Amino acid sequence: MNRVETYSEFDCLVPDKALEDPVRGICYCASFNDLRDFVLSADAADGFFRYAKRRGLGECITLQNYVGTIRFADGKQLEILPKICKGSEAASGRARALVLEMLRCLRDAPFQVSGTAQLRTAQMSLLEVFIRMFLDEVQRLVRDGIRADYVSLRGNLNRGRGRILPAGQLRHNLLHPERLFCAYDEYLPDSAENRLVKATMHTLLRQAGVYALQRDIHRLLAYFDDVSDTVAYAAEFARVRQDRNRREYSRLMEWARVFLLGKSFTNYAGTNHAQALLFPMERLFEDYVAHHVRRHFSASGWQVTAQDCSAYLFENVENTEKRSFRLKPDLVLRCGEQTVVMDTKWKLLSRDQIKHFGVSQEDMYQMCTYAACFSASHVYLLYPRQEWMKCDTPVFRYSSSPTGATVTLFPLNWQVEKGMEASLQALNDDMAGSFPAC
C-alpha cells in the first residue's frame, strides 16, 4: 500500500473527495486531519501552510511555496513538489529529481556531494531519498574507520591509572586501601559526533517505512555498539569538535541537524507527532540558477558575484559609515567597465502582455534601483520556462527606462536534461550583442 501522498506547491487540500477539482488546484487529502492537527499545533505555521474555512469547501489547507516531505507518526507521508511539474507520475518523478538537483546546489547544506544519480528517485519518496543519502555518508564513515577520541572517566581501579582523586579515595575506599579511585582518559569511540550519528539512525529507524532502509540501519548500528545513547541533542552538538581531524563528520553533522533538530533551512517546528523537512522554493531556485550561471559565465570572461552587498540605496559622501538600505541582487556580472544584474524569480508568468505578463510593479521598481545603484546597463529577470514560452528566447524586453537600463524577462528551461545549459548559452548569446568584448 502506497502511504505517500504527493501534491504541488499552492495546492488546496480538502478532507472530502467530492470537493476535489484538479483544474482549480483543489486536492483531496486522506491525511487531512493529521495535517490539520500538525499545522494548528506548530510554531510559525502561517508561512508554510494556510488553514482556513472557505465557503463551498469548508475546512481547507493551502500549501505555500515550500517543497519537501512531512511524515506523521503512523507512517503516512505527504510529499510537496514544485508547482511547475504537476501532472503524471512521470512528471512527479522528474520533479523529485529536479528538487534533488537543486538541493545539491544549495549553500550551507549537506547535499552537495551526495550521489543521487544511482538513486531511483521516481520510485522513492523524498524522505526515503534523504535517508538513503544519510546512510551513504554513514557507510563512508564506517568504511574509512569510525574515529575514536579520549574520553574522561572516573572509577575504582585495581591499579593506578591517570591521577588519584584524594576526595574520591576517602569517600569510596576508606575501608578498601587495595583499590584506587582515579580520573583517567581512555581512547574510545564514544564521542559526541558518534553519539549524534547513532541517535540519528535510531530516529530514522522509526521513520523508514522501507525494509531495505531498516535493514541497512540495523547493519550500520552494529558498528556503534560501543557508543552510548543520547537524547540531549543540543548539548551534544555543543561538544562537536570542528577541526581537520573531524572533517569526515562535517556533512554527517549537517544531516544530524536536519533529522534531529528539524533544521531543513526553515524555522518550522511541529509536535512530536510529525516531522517536516521543508525547503523554500525561492531559495532552491535562486541557488540553483546562481550555481549554473557562475559556472557558465565565468568561462566566458565574466566575474560573477552572488548576493552582491557592495551597494546601498543611500550613501553619505562625507561619512561612508552612514549608509542605509543595503541592496543585494541575486547575481551581478562584471566584465571590464560593463555590469549586468540578474535576479531570479520563482513565479509563473501569464500570457497577458497588457498586464505585463504578471510581473509586479514592485519587481520593476526593484530592478530599476539595482540598475541605478550598480551602474548596470542591462538587468535580466530570470523565470522558470513554461510551455507557452518560446524556448531560449526572451519573453519581453523593456527599454528606455529612467536609468537608461534595459530590463529583459528571460525564461530558463530547467525541466529537461541539459536544458539549463542551453538556456544559459542563449542568454549569453543575447548579451553578446550588447557586450561583444566579453
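Tell me the mean residue ellipticity at 222 nm calculated for the chain from its helices only (DSSP H runs of n ≥ 4, each -39500 (n - 2.57), averaged over every residue, nearest 500). Estimated from H runs of four or more residues: -10500 deg cm²/dmol. In plain terms, the chain from A183 to N158 could stretch by 7.7 nm, reckoned as 0.36 nm per residue minus the Cα-Cα distance. Using a simple spin-label model with pseudo-atoms 7 Å out from Cα toward Cβ, S360 and L40 lie 3.1 nm apart.
What is the extension gain from R140 to E282, computed as 0.36 nm multiplied by their sequence separation minus the C-alpha to C-alpha distance, in nm to one decimal? Could the numbers behind the result be given before it?
Details: separation 142, 0.36 × 142 = 51.12 nm, distance 3.20 nm.
Gain in length upon complete extension: 47.9 nm.
Computed extension gain for R24 through S350, at 0.36 nm per residue and net of the alpha carbon distance, reaches 115.8 nm. Semi-axes of the equivalent ellipsoid for segment 181-231, computed as √(5λ) from the eigenvalues of its C-alpha gyration tensor and ordered from largest down, come to 28, 10, 7 Å.
Once both labels are positioned 7 Å from their Cα atoms along Cα-to-Cβ, the gap between R241 and R107 label points is 3.1 nm. Per residue, the chain exposes an accessible area of 51 Å² to a 1.4 Å probe, with every protein chain left in place. Ranking of V23, V359 by solvent-accessible surface, largest first: V23, V359 (1.4 Å probe, protein heavy atoms only, all chains present).
Label sites at S228 and R171, each approximated as a point 7 angstrom past Cα along Cα to Cβ, lie 1.6 nm apart.
For the residue pairs K345/K390; K355/K418; K328/K418; K355/K390; K328/K355, alpha carbon separations beyond 25 Å are given by K355/K418; K328/K418; K328/K355. Between Y51 and A432, what FRET efficiency follows from the Cβ-Cβ distance if R0 is 30 Å, with the result rounded to 0.05? Working from the Cβ atoms, E equals 0.05. When the charge dipole of segment 173-267 is built from unit charges on Cβ atoms (+1 for Lys and Arg, -1 for Asp and Glu) and taken about the Cα centre, the candidate among L188, Y223, S250 whose Cα reaches farthest toward its positive end is S250. Of the solvent-accessible surface of the chain, computed with a 1.4 Å probe over protein heavy atoms with every protein chain present, carbon and sulfur atoms account for 49 percent.
Could you list the GluC sites (Glu not before Pro) in segment 157-245 that lie in coil according to DSSP, counting only those with at most 14 other Cβ atoms within 10 Å of their Cβ? Could you put the intermediate results ahead of the total?
Values: sites: E178, E186, E193, E236; in loops: E178.
For GluC sites (Glu not before Pro) across segment 157-245 that sit outside H, G, I, E and B with at most 14 neighbouring Cβ atoms in 10 Å, the list reads E178.
Here the peptides 31-39, 379-387 are ranked by packing, the mean other Cβ count within 10 Å, and the order with the highest first is 379-387, 31-39. Considering only Q64, Q214, S92, and ranking their Cα positions along the charge dipole of the chain that arises from unit charges at the beta-carbon of Lys, Arg, Asp and Glu, the one farthest toward the positive end is Q214.
With contacts defined as alpha carbon pairs under 8 Å and 6 or more residues apart, what's the relative contact order of the chain in percent?
Working: 708 pairs, mean separation 50.7, N = 438.
This gives 12 percent for the chain.
Per-peptide packing, taken as the mean over residues of other Cβ atoms within 10 Å, places 222-230, 402-410 in the sequence 402-410, 222-230 from highest down.
The values are calculated or read from the model by the stated rules, or taken from the named source; none is laboratory data. From a predicted model like this one, the values you see are computed outputs, not experimental measurements. Ideal geometry is used to build each Cβ from the backbone, glycine not excepted, and the neighbour counts take in all protein chains shown. For the accessible areas, the whole protein counts, side chains as well, though only heavy atoms, and no ligand, DNA or RNA atoms are used. Shrake-Rupley method; radii C 1.70, N 1.55, O 1.52, S 1.80 Å.
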